[in-house]
Every structure is written in C-alpha cells, then in structure tokens.
Amino acid sequence: MSGRKVLTGIRRAAVAGIATLALVSSVHAAEKLKVGFVYVGPIGDHGWSHEHNQGRLALEKEFGDKVKTTYVESVPEGADAERVITKLAKSGHKLIFTTSFGYMNPTLKVAKRFPKVKFEHATGFKRAKNVSTYSARFYEGRYVVGHLAGKLSKSGILGYVASFPIPEVIRGINAVTLAARKINPKIQVKVVWVNSWFDPGKESDAAKTLIDQGADIIFQHTDSPAPVQVAEKRGVWAVGQASDMAAFGPKAQMTAIIDNWAPYYIARTKAVMDGTWKSSDTWNGIKPGMVKLAPYNKGLPADAVALAKSVAKGIADGSIHPFAGPIKDQSGKVVVAAGKTADDGMLAGMNFYVEGVVGSIPK
Amino acid sequence: MDGSDILVSAILTIITAATPLAFAALGELVVEKSGVLNLGVEGMMIVGAVMAFATGVTTDSAILAIVVGAISGAIVASIFGFLVLIMMSNQVATGLALTIFGLGLSALMGHGFVGMTFSGLPQLSIPFVSEIPIVGPIIFGQDGMVYLSVFCAFAIAWFLAKSRAGLILRAVGESHDAAHAIGYSVIRIRFLAILFGGAMAGLGGAYLSLAYTPLWVENMTAGRGWIALALVVFAAWKPWRAFFGAYLFGGITIIQLHIQGFGVAVPSQLLSMLPYLVTIIVLVFISRGSVRQRLSAPGSLGKSFYAAS
C-alpha cells in the first residue's frame, strides 16, 4: 500500500513538474511573439513577395527580441497552402500573414481550427472573427505617375503591359488614363494583355510592341523588370512595379509604385501584443504610406516632379480623389457625375475602360 | 514611326523571340532522332540561363557566358543520360523530374544574382551594310547567337541527312536492336546525343538571360522548353521545319501583341492561344499527309534499350 502511495507521489510530482515547465515555456512564448508569413513567390522575385519580405524584416527591426518571424516562400495556392498555414499555426505562431489572393480559402479553413491564432490575408474579401484582410490602393500611385506621363509624352501614346483583365488591373489603367488626360486631353493609352503575371520574355515583347506602335512611356502591371529594361534600351520612359526597378532602367524609370507593407505589419503585430487586435478590412493608399513612390528620376523636368509631388500630397490630404467625376467611359457615357467620386464598391468591381483607352476589355 | 520601321522592328522582335526556341528544339530533335525522349528541356534551359547569366555578370565576357551556358545544359543532361541509359529508368518520368530539378536548382544558384543586369550581347555592325534600310538591320545587325542558331540548323540538317555519323544516329533511333546487332554502341551514341541536346537547350537558356531579357529571375523560361518539345513533333523531326516552326511561333506571338496594340476587338485570351492553336492545326495537317510523313517519328523513340535482347 505504502509503495503505491509513494508511486502516486512521484507521479504527482512529475505532473507538477511538467505543468511548471509548460507554464515557464508559455510565459516565454508570451515574451516572444511568433509571426508567420506565407509567400506565393520566391523572395528573390524582385516584386510582390520581395516587398512582403521587406515588411517582415522591418517588423524584426522594430520589435527586436520581442518577435520571432518565420517565412515560407514559393507556396503554391491550393492544398499545399493549407498544409503550410496549418504547420505555422501548430508550431506556436500567434499571427500569420498569408500574402496572396489564392490563399483565401485555405486561410479561412485553418483559421476555423485555430480560433486563438490571428490571421491576416492580403487582397482577399472573405473575413472571419480571427481573419482580417488588407490590400493597398495602388491606383493612387498610378494616378500620380499618370500626371508625369501626361506632361512628358511627346507622341501622346502611352503603352500599358497588362496581366489579367481583373478590376485591380483595369483600375490601374483607368487611373493612369484619367490623370494623363487631365494634363493632355489628346493622350491615348494602348493596352497589351500578356495573360500572365510573370513571363519576362513575353513582357519584354509586349513592351517592344507598344514602343513600335508609338508609345513613349511604358507602364506595367506584371511582375518582372523586363519592360523597364526594354524601355531603357529603347530610350523611352517607364514606371517600375511593386519594387524599385531603377537598377534595370536607371535612365528609363521615372519612378516606381512601391508596395510598402511594413507600417501595416508593425501595427498589426503591436495590436496582437497589446491584445487589441480585431478582425478588420484595410484598404490603404498613399496617406498611411502603404503605397509609396520610388525616388523620382533625376532626368525628369523639375516642374513635372513638382506636379507629381503635389498630386501625391493632394491624395494624402484628401483634396484629390483619382476617380472624381466627371468620368466618362469609352462610349462617352458619364459613369461618375461631376462633383461625385467613385465609391469603394465601384472601384472594387471596376470592369469598364474610361475614355482614352484604346481597344476593349477582353471578356 | 512609319510603316516600314514598325515592320523592321517587329521582325527584329520575332527573331529574338524565336532564337531560344530554335536552339532548344534543334537540340531535342537530335536527341529524339537517336530514339530518346527527353522531357527535361525546360530544366536544362533554365540551368543554362542562370549559369550563363552568372558567368556573364561576374566575368563580363559574353563568349565565356555562352560557353558556360551550353556546358551546364550538357551537365544537367548527363544526369538524365545516366539515369535512362545506364539505370534504365523511364524516360518520360525522368525527363519530367529533370525539369522540376532544373527549376529548383536554378533558383538556388541564382539567388545572389536577382536584381543585377547584363549589358546584353554585342550586335553585328558592318559600316554601310548594316545601315541598308530594312535588310541591313535584319540580316546584318543581329547578335552572334542568332547567326549561331542559323548555323546550327544548317549543320544539323547536313549531319542528319548527309553524314555517316548522322546515318548511324538515325539507325540507332529507328531500331536500336538492329543497330546493336551490327555492332554500334547504342548507349554511347545516345549519350552523346543527349549531351548535345542539353548543350543546345543550355544555349537557348543563355540567349534568354543574356540577350532576350538580360536579367535573372526565377522561372524565367516560363514554359519555353515545352514549346520547343512541341515544335519537334510539329516539325515531323525535320531540322528546317523545327527552325521555321520556331519563327512561326515567335511571329504569331508578336503579331498578336501588335493586333492588341492597334485596339482590334479580339479577345486577348484567344490571341494568346493563337500560337499554340496554329501549331496544333499545322500538326493535324501534317499528320493527315502521306503515310511516310506520319511515320516520320523515330521507330525506337522513348523505348529503353537492353543490350541483352
């Protein structure tokens, strides 16, 4: 009898010991917040995933010892994503950023199983109690560079290398067109769709084609620096996408529209630390610094740069809205009346070209 | 820009788009003529691309970069050769694995080279001759690799049709058992063909990263290896047809971009599909032709060779 008692005693002690250990480790975990990131591309893509990783590095710099970040790159959208997100959630990450549209459903599925973990999904539209969404108003940046194009184009033709005909891309084309025509009403925008986010060869072919057809400024909504490189070689202007692409076109790149996720990542991490995190939908632009413009090319005329800066400032302080009426579509029909601005619903579902874009949207 | 300028410029763009395909397709054609199906073209191309770019950036020598591109393509191909010829592995599965391996390996090797640029290949410039309107820039204003691709088409066509070695290679591809019985080393001949195919794919990749878009980004071949594979079938295993097939494919790709730029109301998805569609249509017409045409595939294509049988 007494033997069994001793045994129970030992067992109790062991259980207590384990409990203490668990307590210690959980205290330790509370000190160090684990934040996970899932990227769709390699961090070396010099575009989308690269910028998300810059945000992660900024997070580490901001909080130092208080956070531990993990990232997984080149995760295909689909079943693999669910596995990777689950693994991050299981291994003690309390905040997980999933940074591509196609991670939407996997993120929600995993979030259901880990109600205590907070999830942040980029560019999606489905939310849950522990899932927020966030995206950037890139079109604000495009509206700024559109002014530069209006000032600088001599041929009156702008070339746009586009990926897929989704509202996000069409919004960018329209923002550029509206801005450029404000300066020079004769401007026309030619669009070439390459039906790919990433194909350096095809992107460069498209840029060459547009330049051959008279475009003297090249815009792109694809991810490789190839169009900027072509512009450099042909001696025309270009605008970088997602990252600063000046290395590929030191003379050609007027500026680049940079995705700056760092402030958002820092703010959301802080919210988790403070316990104030709430599911939300964020769509930020120039004002909070989510969309930034790379340093303007030194070869640009001073008045053009001054104009661009004043437009960026106007967007930041709210005095300028890129989609302020009157806006006419290609048929000349007024879609946004004078004195009004397009609301977020209209922006999010934009499926028409404004006046000045050549051709029609592929259906 | 007036009409002739656009024309010249479009033709120059077509040449750039066609050259990497021509290299890879011609190389694969020789491999298949020897009776081996190597589906790893994409993988060999991308390794050639990254190695050529890395060499070009570090040494600043275009010629060295091109050579390294070809050699590294051949090295990757030698893995394939060892597996399918010596270890008797399945050619289709091994080729697919080679593509996946090449994409991963190139990403690893190219890690430090993202964001760098290469000055591009020097272009031929003969005083006065290169300045002749239209003909000058097209015929006398290309970079060395374009001329090399034309030379390769000539050389391979001659080799397969006229040379004794080419005849032996074809014999091995048509019936490896018969060739073996006569006393030819099937394994050795096939291995050399595979190395050559790898080197050509490497050259195609080198052209991508040195001239087409002189930069390195992961996965920059974007499926061109697969197009090269399709071109070989499209060409009914005839070198000149493969070469012109590459130009046809490149041509339609560029023309559809021009159609879009002019604002013609044709869905761009349809236009993007056009090069593939035309390839399939031509393929259908070819295979409807005479029996000889249809039987132009090498008899032993894709079959493993056992010396014992």
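You will find that of B:63, B:86, B:134, the residue that is closer than 12 Å to residue B:210 by Cβ and either aromatic (Phe, Trp, Tyr) or surrounded by fewer than 24 Cβ atoms within 10 Å (Cβ to Cβ) (or both) is B:63 and no other. Any residue at all in the range A:114-123 that's buried (at least 20 other Cβ atoms within 10 Å of the Cβ), outside the structural domain of residue A:205 (by TED's automatic domain parsing), aliphatic (A, V, I, L, M) and assigned to a loop (DSSP other than H, G, I, E, B)? Yes, because at least one residue in the range A:114-123 is buried (at least 20 other Cβ atoms within 10 Å of the Cβ), outside the structural domain of residue A:205 (by TED's automatic domain parsing), aliphatic (A, V, I, L, M) and assigned to a loop (DSSP other than H, G, I, E, B). Of all residues in the range A:244-277, those satisfying the criterion of being out of contact with any helix residue (DSSP H, G or I) (no Cβ under 9 Å at 6 or more places or on another chain) and either acidic (Asp, Glu) or surrounded by fewer than 17 Cβ atoms within 10 Å (Cβ to Cβ) (or both) are A:244, A:267, A:271, A:274, A:275. Within the range B:112-133, the set of residues being under 27 Å from the mean Cα position of the chain (by Cα) and away from chain A (no Cβ under 14 Å) comprises B:124, B:125.
Looking at the range A:70-90, is at least one residue touching a residue at least 40 places away in the same chain (Cβ under 8 Å) and within 30 Å of residue B:215 (Cβ to Cβ)? There is at least one residue in the range A:70-90 that is touching a residue at least 40 places away in the same chain (Cβ under 8 Å) and within 30 Å of residue B:215 (Cβ to Cβ).
Among the residues of the range B:1-59, those that are without any contact (Cβ under 8 Å) to a residue 12 or more places away in the chain and more than 14 Å from chain A (Cβ to nearest Cβ) comprise B:58, B:59.
Results for (1) of a type outside the set (Asp, Glu); (2) in contact with a Pro (Cβ under 9 Å, 6 or more places away or on another chain), shown as yes or no for each residue.
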residue	(1), (2)
A:249	yes, yes
A:265	yes, no
A:269	yes, no
A:289	yes, yes
A:295	yes, no
A:303	no, no
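Please tell me if residue A:173 is surrounded by fewer than 22 Cβ atoms within 10 Å (Cβ to Cβ) and in contact with a strand residue (DSSP E or B) (Cβ under 9 Å, 6 or more places away or on another chain). Spelling it out, it is not the case that residue A:173 is surrounded by fewer than 22 Cβ atoms within 10 Å (Cβ to Cβ) and in contact with a strand residue (DSSP E or B) (Cβ under 9 Å, 6 or more places away or on another chain).
Against the definition (among the aromatic types (Phe, Trp, Tyr), farther than 28 Å from residue A:294 by Cα and out of contact with any Cys (no Cβ under 9 Å at 6 or more places or on another chain)), how does residue A:164 come out, yes or no?
no
Grab the helices (runs of 4 or more DSSP H) fully contained in the range B:110-195, keeping just those with 3 or more residues being under 23 Å from residue B:37 (Cα atoms).
Those helices (runs of 4 or more DSSP H) span B:144-162, B:164-174, B:176-182.
Among the residues of the range B:82-104, those that are without any contact (Cβ under 8 Å) to a residue 60 or more places away in the chain and either within 14 Å of chain A (Cβ to nearest Cβ) or in contact with a strand residue (DSSP E or B) (Cβ under 7 Å, 6 or more places away or on another chain) (or both) comprise B:100, B:104. Across the range B:25-55, the qualifying residues are those that are of a type outside the set (A, V, I, L, M) and out of contact with any Ser or Thr (no Cβ under 8 Å at 6 or more places or on another chain), and the one among them that is surrounded by the fewest Cβ atoms within 10 Å (Cβ to Cβ) is B:32.
Take the range A:212-234 and flag every residue that is in contact (Cβ under 8 Å) with a residue 40 or more places away in the chain and closer than 19 Å to residue A:256 by Cβ.
Passing the criteria: A:215, A:216, A:217, A:218, A:219, A:220, A:221, A:222, A:223, A:224, A:225, A:227.
Across the range A:306-363, the qualifying residues are those that are in contact (Cβ under 8 Å) with a residue 60 or more places away in the chain and acidic (Asp, Glu), and the one among them that is farthest from residue A:136 (Cα to Cα) is A:355. Return a yes/no flag: does the range A:133-151 have any residue that is closer than 28 Å to residue A:264 by Cα, within 14 Å of chain B (Cβ to nearest Cβ), free of Cβ contacts under 8 Å to residues at least 60 places away in the same chain and buried (at least 19 other Cβ atoms within 10 Å of the Cβ). No: zero hits.
Residues are listed down the side, and each one gets a yes or a no for (1) surrounded by fewer than 24 Cβ atoms within 10 Å (Cβ to Cβ); (2) among the polar types (S, T, N, Q):
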site: B:171; (1), (2): yes, no
site: B:175; (1), (2): yes, yes
site: B:187; (1), (2): yes, no
site: B:196; (1), (2): yes, no
site: B:209; (1), (2): no, yes
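In the range A:47-68, the residues that are under 16 Å from residue A:294 (Cβ atoms) reach residues that are assigned to a helix (DSSP H, G or I) with C-beta atoms within less than 8 angstrom, at least six apart or across chains, in these pairs: A:54/A:262.
Residue-wise test of (1) under 16 Å from residue A:99 (Cβ atoms); (2) buried (at least 22 other Cβ atoms within 10 Å of the Cβ).
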{"position": "A:33", "(1), (2)": "no, no"}
{"position": "A:38", "(1), (2)": "yes, yes"}
{"position": "A:42", "(1), (2)": "yes, no"}
{"position": "A:49", "(1), (2)": "yes, yes"}
{"position": "A:68", "(1), (2)": "no, no"}
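A single entry from A:146, A:141, A:172 fulfils the requirement of being in contact with a Phe, Trp or Tyr (Cβ under 7 Å, 6 or more places away or on another chain), in a helix (DSSP H, G or I) and of a type in the set (Gly, Ala, Ser): A:172. With the condition kept exactly as written, say whether any residue in the range A:117-135 is among the basic types (Lys, Arg) and closer than 30 Å to residue A:302 by Cα. No, the range A:117-135 has no match at all. Residue selection: residue B:68 fails the criterion of being of a type in the set (Val, Ile, Thr) and assigned to a loop (DSSP other than H, G, I, E, B).
Filter the range B:214-256 down to residues that are among the hydrophobic types (A, V, I, L, M, F, W, C), in contact with a Leu (Cβ under 8 Å, 6 or more places away or on another chain) and at the interface with chain A (Cβ under 9 Å from one of its Cβ atoms), then give me how many there are.
Let us first name the residues in the range B:214-256 that are among the hydrophobic types (A, V, I, L, M, F, W, C), namely B:215-217, B:220, B:222, B:226-237, B:240, B:242-244, B:246, B:248-249, B:252, B:254-255.
Those left that are additionally in contact with a Leu (Cβ under 8 Å, 6 or more places away or on another chain): B:220, B:227-229, B:231-235, B:237, B:242-243, B:246, B:249, B:252.
Cutting the leftovers down to at the interface with chain A (Cβ under 9 Å from one of its Cβ atoms) gives us B:220.
Selection size over the range B:214-256: 1.
A quick yes/no check of all residues on (1) away from chain B (no Cβ under 14 Å); (2) closer than 14 Å to residue B:268 by Cβ; (3) not charged (D, E, K, R):
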| site | (1), (2), (3) |
| --- | --- |
| A:159 | no, no, yes |
| A:166 | no, yes, yes |
| A:174 | yes, no, yes |
| A:184 | yes, no, yes |
| A:196 | no, yes, yes |
| A:202 | no, yes, no |
| A:206 | no, yes, yes |
| A:213 | no, no, yes |
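For the range B:202-213, the tally of residues that are touching a residue at least 12 places away in the same chain (Cβ under 8 Å) and either within 11 Å of chain A (Cβ to nearest Cβ) or under 18 Å from residue B:160 (Cβ atoms) (or both) stands at 5.
The values are calculated or read from the model by the stated rules, or taken from the named source; none is laboratory data. As the structure is a computational prediction, the values presented were derived from the model and not from experiment. All Cβ positions, glycine included, derive from the backbone under ideal geometry; neighbour counts span all protein chains shown.
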